[in-house]
1. Non-local amide H neighbours of Ala109 (under 5 Å, H modeled in plane, Pro and chain starts lacking H): which ones?
2. Which order, highest average first, do 41-53, 59-71 follow once you tally other Cβ atoms within 10 Å for each residue and take the mean per peptide?
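Derivation of every value follows stated rules applied to the coordinates shown; laboratory data play no part. Predicted, not measured: the structure shown is a model, and the values here were computed from it. All Cβ positions, even for glycine, are placed from backbone atoms using ideal geometry, and neighbour counts span all protein chains on display.
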Amino acid sequence: MRNSRLLLRSGLTLAAAAALPTWLAGPSAAISGISVSTTGTQVSVVTSACTQSGGSWGNASLLNSGQTAFAQGRQAALAGTTVSQSAAWSSVSPGTYTVVVVCSNGGTAGTQSVIVSGTAAAPPTTSSTTRSAAPSRGVMGGLGGAARDYGPLTLGIGAALVGSGVIATGWYLRKRSKPYRL
């Protein structure tokens, strides 16, 4: 009786520990489903979140700091395939912008901020003695600034692997704590 209670208690603890990574990974599914990049005065956005409906993938809008609604920004139609859709804007003035992608079904694929410097970046050098200058404003960290959205399937698989590792560790420690019997 005592062993079954102890086993039940340790099983519940292991189940809670296994569920923790999934709970922690839950909010990251809300990370933007778009990837925004800049080259000089050109801004481009790539997504794989939209499906084609009525011959259209959807639209993307480039909003400056004074604009708040999708319709106020510079709009561009998404083009691409079922794997990847993209849009681009050229001759963008320096400043901070927000890129919003709305799919043809009306759902928002994502929103992400971007800083346009207005100067083209120098190509990387291959010499090990040459050092490039540090970026003036750094990277835009946070949601989507330095991370890629891997989607719920990948996060679920990762959570399952972490959970199985926690369970295996608990099982190993439990077996190890039993006294040796002949």
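1. Excluding prolines and chain starts, which carry no amide H, the hits are Val101, Val102, Cys103.
2. My ranking of the peptides, most packed first, is 41-53, 59-71.
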